[in-house]
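The values are calculated or read from the model by the stated rules, or taken from the named source; none is laboratory data. Because the structure is a prediction, the values reported are computed rather than measured. Ideal geometry is used to build each Cβ from the backbone, glycine not excepted, and the neighbour counts take in all protein chains shown. Just so you know, the surface numbers come from the protein's heavy atoms only, side chains and all, with ligands and any DNA or RNA stripped out. Shrake-Rupley method; radii C 1.70, N 1.55, O 1.52, S 1.80 Å.
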Amino acid sequence: MTSFDDILEDIGQFGLFQRQMFFIMCLISAVFTPIYVGIVFLGFVPGFRCSNHAVEELSTKCGWSLEEELNYTVPLLDDSTQTSQCLQYDIDWNRTSMSCIDPLRNLTIPGYSNVTLIRCTNGWVYDTTGSSIVTEFNLVCDDAWKLDLFQSFVNLGFFLGSMFIGYISDRFGRKPCLLTSLLITAVFGVLVAFAPTYPWLVTFRFIQGLVSKGTWLSAYVLVAEFVGLDHRRTVGIVYQVAFTVGLLALAGVAYGIPNWRWLQLAVTLPNFVFLTYYWCVPESPRWLISQNRKKEADAIIRQIAKKNKKAVPDALQNLTEKEEIGDKMVPSFADLVRTPRIRKYTFILMYIWFSCAVIYQGLIMHMGSTSSNIYFDFFISALVEFPAAIIIIVTVDRIGRRYPWSVACIITGLACLITAFIPEGFPGLHIALGCVSRMGITLSYEMICLVNAELYPTFIRNLGVMVCSSMCDLGGTITPFLVYRLANIWKELPLIVFAVIGIISGILVLLLPETKGRALPETIEEAENLHR
């Protein structure tokens with residue numbers, strides 16, 4: 001039987017048509033970055049203190065410097081946590097007997113011998129010239145949990161969206177799903193920028209999360225199905241490198257636009273431009289063939305051949321005639337667990353997606369939450385991801401998928417484990433091992449996106465990727481709680497958990513079949529026989 005991969009060998013596996021398709025899809029990958037990690041800048045928490053107009057007036061009268069004023073605005077507690085910023089002295093600073101010289105020590109007013117601390121009553125003053133959702137909606141102190149909820153709702157949207165976007169893509173086509181999700185992402189991204197209250201902000205962001213990840217994965221699956229076997233690896237890796245480029249661009253845009261509303265608008269508008277793909281992106285011929293829509297597939301294949309300046313092969317007629325005999329294959333969630341080997345792939349991939357999210361986001365939270373320069377540190381941390389792509393490109397076609405992937409997971413776990421027991425006096429070693437961990441988990445992330453699409457047959461490929469990757473969103477939802485709660489017990493305990501999760505992932509990778517040099521499976525039977 002002639003397959004679509006056989007046809008691509010004649011009309012071009014990665015000709016001009018595929019290169020143009022790949023470039024415009026990489027733009028989608030880059031623009032997805034602000035939705036996935038935009039909370040770093042949209043929800044930036046600057047330094048803040050209780051607002052006390054009486055103290056500020058007294059400071060002006062006495063000619064205090066800002067440091068002296070802070071001594072009487074914010075209690076000098078032993079810890080440096082946010083708790084100290086949420087308290088103020090319970091003092092009537094308008095008393096005429098107040099002295100400009102250390103008023104607390106010379107306080108002799110009856111009833112103030114034991115000065116008590118109370119929560120801030122007059123709002124907060126933020127140490128920033130820009131704005132974020134934290135400064136606008138005052139998501140600090142008793143309301144600090146609302147910032148975590150904002151990010152959790154995005155991940156919850158990713159998770160729930162994965163349940164139906166993949167099915168829609170496999171049931172109704174890659175192109176309609178891609179364009180519809182792009183439109184919804186763009187519209188609700190703009191609504192986020194104009195949200196009048198916090199509840200509306202969370203609602204709009206949640207709806208954007210429902211479809212935005214489907215946009216990213218649908219674009220990846222679509223371009224992966226257009227290219228031939230020899231180029232699928234490079235396409236999968238570079239598509240994710242485009243996401244890293246988006247990280248670098250986001251740091252620059254956020255630095256130039258410190259207002260969160262204008263920043264949100266700036267990173268959303270490109271999605272409207274992507275709607276023009278309606279005229280330049282065709283449906284996937286692989287999907288059309290799996291749905292027995294032979295005439296449409298034939299027309300697109302001829303379009304590809306013409307763009308690549310290749311002749312239409314005679315084998316095309318055999319392909320369509322063969323497909324005409326078969327039945328139309330309808331995707332079903334049951335297909336992901338109905339047969340033994342695909343069931344094994346599904347459960348292993350779900351765990352690895354979960355582990356990737358927990359470790360990737362957890363390392364960022366654990367090591368970068370106290371950044372002194374958020375823009376510079378974010379930029380540098382993104383640069384660390386490029387070596388992971390280089391390692392994959394060098395090794396994946398020479399060694400295969402499984403062994404580099406497994407080694408990366410295990411090294412990530414070991415690096416986290418060693419870091420947890422390094423004494424405080426070795427900051428350079430901490431940084432070096434942190435870079436190793438970040439590269440290792442990035443390599444795992446990029447590899448699972450590549451292999452996940454290679455393990456499922458065409459008619460459930462998008463569904464399989466979406467369902468398995470939904471565990472990534474579940475991991476992202478619980479990671480903040482995992483990191484901060486465990487750190488209260490022992491600040492290095494999260495690293496121990498990351499180590500265990502990473503090493504288990506490395507072992508499970510070895511239970512998957514090697515997909516190096518294999519054509520994309522078209523049927524359940526072909527997917528079941530990948531291990532042979």
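Observations on the structure shown:
- Selected residue (criterion: farthest from Leu70 (Cα to Cα)) from residues of segment 116-144 that are assigned to a strand (DSSP E or B) and open to solvent by less than 60 Å² (accessible area, probe 1.4 Å): Ser131
- Exclusive hit being at pLDDT 90 or above and hydroxyl-bearing (Ser, Thr, Tyr), set Thr244, Thr276: Thr276
- Complete set of residues in segment 290-334 that are open to solvent by 80 Å² or more (accessible area, probe 1.4 Å), of a type outside the set (Lys, Arg), modelled with pLDDT under 65 and in a loop (DSSP other than H, G, I, E, B): Asp327
- Pairs, first under 12 Å from Gly161 (Cα atoms) in segment 455-472, second among the β-branched types (Val, Ile, Thr), C-beta under 6 Å, six or more apart: Met466/Ile165
- Residues located in segment 152-167, provided they are surrounded by fewer than 22 Cβ atoms within 10 Å (Cβ to Cβ), closer than 21 Å to Ser290 by Cα and not aromatic (Phe, Trp, Tyr): none
- Among (1) open to solvent by less than 10 Å² (accessible area, probe 1.4 Å); (2) more than 16 Å from Tyr36 (Cα to Cα), the one test that Asp230 misses: (1)
- Within segment 251-262, being open to solvent by 10 Å² or more (accessible area, probe 1.4 Å) and assigned to a helix (DSSP H, G or I) holds for Gly252, Val253, Tyr255, Gly256, Arg261, Trp262.
- Selection status of Ile422, on the phi < 0 side of the Ramachandran plot, out of contact with any strand residue (DSSP E or B) (no Cβ under 6 Å at 6 or more places or on another chain), part of a helix (DSSP H, G or I) and of a type in the set (Val, Ile, Thr): no
- Candidate set from segment 374-411 (those that are assigned to a loop (DSSP other than H, G, I, E, B) and open to solvent by 70 Å² or more (accessible area, probe 1.4 Å)); member that is modelled with the highest pLDDT: Ile399
- Qualifying residue in segment 33-41 (condition: open to solvent by 30 Å² or more (accessible area, probe 1.4 Å) and over 25 Å from Leu191 (Cβ atoms)): no
- When Gly476, Gly506 are checked against the criterion of being in contact (Cβ under 8 Å) with a residue 12 or more places away in the chain and touching a Cys at 6+ places or on another chain (Cβ under 8 Å), Gly506 stands alone in meeting it.
- Of note, Ile478 satisfies the criterion of being of a type in the set (Val, Ile, Thr) and either farther than 30 Å from Cys177 by Cα or open to solvent by 40 Å² or more (accessible area, probe 1.4 Å) (or both).
- Applying the criterion of being open to solvent by 50 Å² or more (accessible area, probe 1.4 Å) and not basic (Lys, Arg) to the residues of segment 15-32, the residue that is nearest to the chain's Cα centre (by Cα) is Leu27.
- Restricting Thr180, Thr197, Thr203, Thr185 to those that are closer than 20 Å to Thr268 by Cβ and either touching a helix residue (DSSP H, G or I) at 6+ places or on another chain (Cβ under 6 Å) or crowded, with 24+ Cβ neighbours inside 10 Å (or both) reduces the list to Thr185.
- Listed by first and then second residue, the pairs with beta-carbon distance under 7 Å, at least 6 apart or on different chains, first residue in segment 266-292 and closer than 18 Å to Val221 by Cβ, second open to solvent by 70 Å² or more (accessible area, probe 1.4 Å), are Pro282/Gln303; Glu283/Glu296; Leu288/Glu296; Gln291/Lys328.
- Qualifying residues in segment 412-427 (those that are free of Cβ contacts under 8 Å to residues at least 40 places away in the same chain and open to solvent by 50 Å² or more (accessible area, probe 1.4 Å)) - the one farthest from Ile504 (Cα to Cα): Gly425
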